[in-house]
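The values are calculated or read from the model by the stated rules, or taken from the named source; none is laboratory data. What you are looking at is a predicted structure, and each value in this text was computed from that prediction instead of being measured. Cβ atoms come from the backbone with ideal geometry, glycine included; neighbour counts cover every protein chain shown.
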Amino acid sequence: MSTVGKVIKCKAAIAWEAGNPFSIEEVEVAPPKEHEIRVKIVATGVCRSDAHAINPNFKEGLFPVILGHEGAGIVESTGPGVTQFKPGDKVIPLYMPQCGQCKFCLSPKTNLCEKISKIKTAISDQDLMPNGTSRFTCRGKQIYHFMGTSTFSEYTVVSETSLVKIDAAAPLDKVCLIGCGFSTGYGAVINTAKVEPGSTCAVFGLGGVGLSAVMGCKAAGASRIFVIDINKDKFSLAKELGATDCLNPQDFKKPIQEVITEINDGGVDFAIECIGNIAIMKAALECTTVGWGTCTIVGVAVGGQSIPVSPMQLIMGKKINATFFGGWKSVDSVPKLVSDYMAKKFNLDALVTYTLPFDKINDAFDLMYEGKSIRTILVF
Ligand code: CND
Ligand code: ZN
Ligand code: ZN
């Protein structure tokens, strides 16, 4: 029986409040309105940014909410005015939209788009559909969307600027990682840091984002890739992906930036921070060489914190920059990244530690908190 135009009842993980486990509930998903698409999510990754959203220290989240921003699925139905998508299309929801018309989309200088949801300080302040309403209800309550994607639901509704069609042959339980973790880390290196052949790099943090940054450094032709993590279990995979020197800061009496500058002739050319810790952001800048060292911030720090950087570091020629979704203009780039994966230009499979049924979402978060997974993929 067709579901087009009807409310769909399905399974979703609701975060009713910060600090508590998700509860698997039956939700009602309304049909898509104008310029919206309803997508059947097939697979979704779990990223640290989802954990930040339910971390009481961040104090930014709206509740109750359906999180998830690293998914892939199939179009179920389209709302009025949608021309680029049809039922059955394989798609990736985009937390960084690309409307193609705003001042940011028209500039080659940024991958931001003003249609992005939830950049409170910069552009927008809602976790709802563009018309200010939600398509989700549960137990009679309106449920907030998240980053314009909400992939922790069997069905979700997204704006047409927050979705892109991909190769029909793509395995959704792998390419979902192109929706965030892989693209963010790899793009931070390729697009934002612009790592050069023969250069030396230091990647701080070896989660899905950091290991993707390691892959980026390798692909860019870096000659030496330091990786830094307090969890030594991450080192063997990092080496497989291209790391040359694995450092655990807890093994040294000196600060890690001093260790790196001593080993590597005054510091590395590029440092990439993939943790979200302001002290490590400072260390990352300080471990780069004077003259031209570049530090790229990828990690998201607890709200309200600042990086304690000495201006003298910058006066000495070091640069600091940061990236959102790895600098990729999403609609243009995501289908190409999927094609590159299909052509075996990079290895997403290495990032998938576990594939679990969606109902095990709380286990997936525990595996991340305990440092036992790179990525867990949840499948419906
Ligand atoms: P995940 O938690 O999987 O990995 C973090 C890694 O850092 C783990 O291996 C930890 O052991 C390690 N670590 C933690 N603390 C320290 C420390 N003090 N010293 C050394 N190593 C440490 O996270 P992820 O890979 O999913 O995400 C990484 C960050 O990137 C996180 O802050 C997330 O919110 C952010 C991010 C940013 C963007 C963007 O567009 N800029 C997109 N997605 C995620
Ligand atoms: Zn993410
Ligand atoms: Zn735009």
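Of all the numbered requirements in (1) within 19 Å of VAL338 (Cβ to Cβ); (2) away from ligand 1 (no atom under 16 Å from the Cβ); (3) touching a helix residue (DSSP H, G or I) at 6+ places or on another chain (Cβ under 8 Å), GLU154 misses one, and that requirement is (1). If you filter the stretch 89-106 down to residues that are near ligand 3 (Cβ under 10 Å from one of its atoms) and of a type outside the set (A, V, I, L, M, F, W, C), you find that the one that is farthest from LEU172 (Cα to Cα) is LYS103.
The lone criterion from (1) surrounded by 24 or more Cβ atoms within 10 Å (Cβ to Cβ); (2) at pLDDT 95 or above left unmet by GLY148 is number (2).
Listed here are the residues, each with its yes/no results for (1) modelled with pLDDT under 95; (2) of a type in the set (Lys, Arg); (3) under 20 Å from ILE178 (Cα atoms); (4) exposed (fewer than 14 other Cβ atoms within 10 Å of the Cβ).
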site	(1), (2), (3), (4)
ALA283	no, no, no, no
VAL309	yes, no, no, no
LEU314	no, no, no, yes
LYS318	no, yes, no, no
ASN321	no, no, no, yes
PRO335	no, no, yes, no
ASP349	no, no, yes, yes
ILE374	no, no, yes, no
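Applying the set (1) of a type in the set (Gly, Ala, Ser); (2) crowded, with 16+ Cβ neighbours inside 10 Å; (3) assigned to a helix (DSSP H, G or I) to SER339 leaves exactly one unmet item: (2). You will find that of THR156, THR161, the residue that is more than 16 Å from the chain's Cα centre (by Cα), within 16 Å of ligand 3 (Cβ to nearest atom) and not in a loop (DSSP other than H, G, I, E, B) is THR161 and no other.
Whenever a residue of the stretch 307-326 is touching a residue at least 24 places away in the same chain (Cβ under 8 Å), its partners that are of a type in the set (D, E, K, R) and crowded, with 16+ Cβ neighbours inside 10 Å, lying with C-beta atoms within less than 8 angstrom and at least six residues away or across chains, give the pairs ILE307/LYS282; PRO308/LYS282; VAL309/LYS282; GLN313/GLU286. Here GLY327 meets the list (1) exposed (fewer than 13 other Cβ atoms within 10 Å of the Cβ); (2) within 26 Å of LEU172 (Cβ to Cβ) almost entirely, failing just condition (1).
Between ALA188, ALA170, which is at negative phi, away from ligand 2 (no atom under 16 Å from the Cβ) and either modelled with pLDDT of 95 or more or small (Gly, Ala, Ser) (or both)?
After ruling out the rest, the residue left standing is ALA170.
For CYS105, the criteria (1) within 17 Å of PHE324 (Cα to Cα); (2) over 18 Å from the mean Cα position of the chain (by Cα); (3) modelled with pLDDT under 95 hold in every case but one, which is (3). Output the residue which, of all residues in the stretch 58-85 that are within 24 Å of the chain's Cα centre (by Cα) and among the small types (Gly, Ala, Ser), is surrounded by the fewest Cβ atoms within 10 Å (Cβ to Cβ). Only one residue tops the list, namely GLY61. Taking the criterion of being within 19 Å of the chain's Cα centre (by Cα) and part of a loop (DSSP other than H, G, I, E, B), the residues of the stretch 289-333 that qualify are VAL298, GLY299, VAL300, ALA301, VAL302, GLY303, THR323, PHE324, TRP328, LYS329. Filtered by the rule that a residue be touching a strand residue (DSSP E or B) at 6+ places or on another chain (Cβ under 9 Å), outside any helix (DSSP H, G or I) and closer than 16 Å to THR288 by Cα, the stretch 169-204 gives LYS194, VAL195, GLU196, SER199, THR200, CYS201, ALA202, VAL203, PHE204.
For beta carbons closer than 6 Å, sequence separation of 6+ or different chains, a first residue in the stretch 39-62 that is within 30 Å of GLN84 (Cβ to Cβ) and a second that is within 16 Å of ligand 3 (Cβ to nearest atom) and acidic (Asp, Glu), there are no qualifying pairs.
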